[in-house]
Amino acid sequence: MTRWRTYRTTLLCLGLFLYGFIVSAQFDIPPKPSKAEQTAVYDYINLLSPNEKTALANKLIRYADTTSTQIVVAIISNTKGEDISFLGAKWGQKWGVGQEDEDNGIFIILAKDDRKIDINTGYGIEYRMSDRDAERIINRIMVPEFKNSNYYSGLDKGTDAIMAALA
């Protein structure tokens, strides 16, 4: 009886420890920036040079101003074990990327150290750009540039391809 109780207590403690580890390992989505701080490129690891970040952000802001479709890029080191597609969808939803009534936002998330990228589209534009289209853009345009450490070029060409797909 005592042996069973010790075994059960050990299992319970191990389970609580593992649960705490898993919960604490989740990626914390940053709070949505204030209106004054909002832009289209959030480089949390300074992967892009200031000029590259500005050029990409300006291009995406101009696109949003002329089409109403908002494209946001977030660059992080890693997802802390979370599925990048799920994390991108949660992040885009939390920040409200795109127009609320149109649900026409696109959220691109790049996790450099995980070597993962995903393009999350709002429901309002899925008929114009499917998940298959996004996957092709990632695999055929962005990843080849990233393999050569050309992160700006991959994001720049990738966003051009997204804009062309939505035209």
What pairs come up if the first residue lies in the range 57-68 and is within 13 Å of residue 41 (Cα to Cα) and touching a residue at least 12 places away in the same chain (Cβ under 8 Å), the second is in a helix (DSSP H, G or I) and of a type in the set (D, E, K, R), and their beta carbons are under 8 Å apart, counting only those six or more places apart or on different chains?
59/156
Just the residues that are over 15 Å from the mean Cα position of the chain (by Cα) and of a type in the set (A, V, I, L, M), please, taken from the range 92-136.
125, 129
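Residue by residue, here is whether (1) aromatic (Phe, Trp, Tyr); (2) out of contact with any Asp or Glu (no Cβ under 9 Å at 6 or more places or on another chain); (3) surrounded by 13 or more Cβ atoms within 10 Å (Cβ to Cβ); (4) without any contact (Cβ under 8 Å) to a residue 40 or more places away in the chain holds:
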residue	(1), (2), (3), (4)
91	yes, yes, yes, no
102	no, yes, yes, yes
119	no, no, yes, no
127	yes, yes, no, yes
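Every number in this text was worked out from the coordinates using simple rules, so none of it is lab data. Here the structure is a predicted model, which means the values were calculated and not measured. Note that each Cβ is placed from the backbone with ideal geometry, even for glycine, and that neighbours are counted across all protein chains shown.
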